[in-house]
1. Take LEU169 and tell me if it is closer than 18 Å to PHE26 by Cα, in a helix (DSSP H, G or I), touching a Gly at 6+ places or on another chain (Cβ under 7 Å) and open to solvent by 40 Å² or more (accessible area, probe 1.4 Å).
2. Only one of these conditions is not met by PRO339: (1) within 36 Å of the chain's Cα centre (by Cα); (2) at pLDDT below 90; (3) under 27 Å from PRO383 (Cα atoms); (4) open to solvent by 40 Å² or more (accessible area, probe 1.4 Å). Which number is it?
3. Hey, can you tell me all the residues within the stretch 338-353 that are farther than 27 Å from ARG287 by Cα and β-branched (Val, Ile, Thr)?
4. Before we move on, is THR196 under 29 Å from VAL407 (Cβ atoms) and at pLDDT 70 or above?
5. Just to confirm my filter: which strands (runs of 3 or more DSSP E) fall fully inside the stretch 335-399 and include at least 2 residues that are on the phi < 0 side of the Ramachandran plot and in contact with a helix residue (DSSP H, G or I) (Cβ under 7 Å, 6 or more places away or on another chain)?
6. Taking GLU409 as the residue in question, decide whether it is open to solvent by 20 Å² or more (accessible area, probe 1.4 Å), modelled with pLDDT under 90, among the acidic types (Asp, Glu) and within 38 Å of the chain's Cα centre (by Cα).
7. Condition first: of a type outside the set (A, V, I, L, M), surrounded by 13 or more Cβ atoms within 10 Å (Cβ to Cβ) and modelled with pLDDT of 75 or more. Can you find one or more residues in the stretch 299-309 that meet it?
Amino acid sequence: MGWRRLFGATAAKLAVAYFVIVGLGFTLVMERVRENIRQLINEQTSHTIDAEIKGLADQYETGGLTQLVTLVDRRSRAPGASIYLVTAPNGVAVAGNVLELPAGVLDQNTAVEIDYERLGEPDVERHAIARVFTLPGGFRLMIGRDLEDRERLRRILGSALFTSLLWLLGIATFGGLFVARRLLQRVDAMSAKAATLLRGDLSGRLPLSGAGDELDRLARNLNAMLDRIADLMEGIRQVSDNIAHDLRTPLTRLRNNAEQALQLDSGEEGARAALEQVIEESDGLIRIFNALLMIARAESQSSRENFSDLDAAELARDMAELYEPSAEDAGIDLRVLAPAPAPIRGQRELIGQALANLIDNALKYGAPEVPGATAQVSIEAEPLGEWVEISVGDHGPGIPAPERERVLERFVRLEASRSRPGSGLGLSLAAAVARLHDGELRVEDNRPGLRVVLSLPRRKEAGDS
């Protein structure tokens with residue numbers, strides 16, 4: 001893993017940006033702390049100076065100038081940060097430890113920061129906070145505090161800030177590189193697996209770390225997408241194989257009938273009969289392709305835009321009325337049980353076609369195996385909690401349990417039904433319609449016979465929680 005690629009990773013860039021933001025924030029905080037400490041020291045120094053001025057002023061009132069000068073002289077000789085100065089009305093120093101002051105300082109009547117030279121330390125400029133108090137008779141008393149301790153604290157804080165920034169830089173650099181390297185390793189693993197998928201191997205899946213983070217969620221969704229793509233590819237392969245096998249026979253018959261029509265010497269009637277067979281075979285092929293188109297339309301989910309509010313019970317009754325003549329001709333008792341409204345939302349054409357396929361299959365294959373038994377097909381529609389179930393049941397031979405999932409695939413026809421007309425697409429279309437409506441198609445045992453259930457989400461109406 002190259003350093004250039006590592007530093008170019010998004011995680012490394014985010015780490016650098018995070019470091020810059022944290023560094024700026026840390027610097028602003030430290031500067032604010034330094035400023036607050038400076039103000040606190042200044043306030044405490046000012047209070048101390050005011051208290052000392054009051055005390056010395058009281059000494060002047062009780063003992064006069066001589067006592068004040070003696071006290072100031074004694075305090076000036078003591079080591080410490082305090083500065084003192086007593087001047088005569090003409091500005092000449094009488095006592096204190098201040099050697100030189102800037103011009104105009106003695107005219108100030110508030111606490112100010114000054115530059116001064118201390119007695120015994122010529123040519124050494126120092127910094128202090130001082131306040132001047134005017135005594136009776138024109139004498140002035142200046143008391144202050146050297147700010148060397150404050151400056152020392154500022155230097156300490158500045159050094160701490162610089163050291164902290166260095167540590168922060170080191171930790172952020174190594175932490176960012178570690179996170180970027182770890183993240184890049186996972187992305188590389190996903191990219192390598194994606195490369196194998198691009199080469200046509202759809203059996204692989206993106207690795208999961210088990211952390212449950214964003215990359216795991218992304219990999220999980222992509223794996224689900226790959227599962228769906230693999231299913232669709234397998235479906236396309238099966239459809240291609242089934243089309244090649246199941247349509248070859250009707251196309252061969254179509255060609256033979258057309259060739260026979262050309263070779264017949266029986267006149268117009270024979271040619272007409274041969275052409276009628278050609279038309280019948282063509283209609284069968286058209287029905288197969290129409291069914292395939294409807295399945296593709298349902299599976300592409302392009303029909304969701306045409307959804308509307310429907311009553312499954314009303315639709316079941318309409319379809320029963322439509323197939324009642326066909327049931328009578330076949331000697332089958334067709335019953336419908338849909339007393340209560342069953343609200344759903346979907347496309348009426350597709351749901352109606354799916355239900356028509358289920359009824360048509362029941363009429364074709366629902367005759368009971370027991371001789372003399374009454375053939376019966378029942379259509380039911382009822383709401384069950386959050387679902388609406390539309391079912392078509394018969395008392396025929398049914399479908400063996402191991403085959404009930406397979407019959408939902410395209411062009412799958414069991415051996416017992418190959419002697420009857422059909423394409424093997426009816427249940428496939430119904431299953432595709434169920435998926436389009438976020439439902440499912442179940443093939444169950446009707447004891448005896450078969451029961452196919454189209455389960456769709458119930459439409460929530462006003463007042464439903």
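1. Criteria not met by LEU169.
2. Looking at each condition in turn, PRO339 falls short on (1).
3. Residue satisfying the conditions is ILE344 alone.
4. No; evaluated as a whole, the condition is false for this residue.
5. 375-384, 387-394
6. Criteria met by GLU409.
7. Checked against the condition, which is being of a type outside the set (A, V, I, L, M), surrounded by 13 or more Cβ atoms within 10 Å (Cβ to Cβ) and modelled with pLDDT of 75 or more, the stretch 299-309 yields at least one hit.
Residue-by-condition table, conditions (1) of a type in the set (Lys, Arg); (2) open to solvent by 60 Å² or more (accessible area, probe 1.4 Å); (3) closer than 19 Å to LEU135 by Cα; (4) assigned to a helix (DSSP H, G or I):
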{"position": "LYS54", "(1), (2), (3), (4)": "yes, yes, yes, yes"}
{"position": "THR66", "(1), (2), (3), (4)": "no, yes, yes, yes"}
{"position": "PRO89", "(1), (2), (3), (4)": "no, yes, yes, no"}
{"position": "PRO102", "(1), (2), (3), (4)": "no, no, no, no"}
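The values are calculated or read from the model by the stated rules, or taken from the named source; none is laboratory data. All values derive from a computational prediction rather than experimental measurement. Heads up, the Cβs are rebuilt from the backbone with ideal geometry, glycines too, and the neighbour counts pull from every protein chain shown. Note: accessible area is taken over every heavy atom of the protein model, side chains too, but ligands, DNA and RNA are not part of it. Shrake-Rupley method; radii C 1.70, N 1.55, O 1.52, S 1.80 Å.
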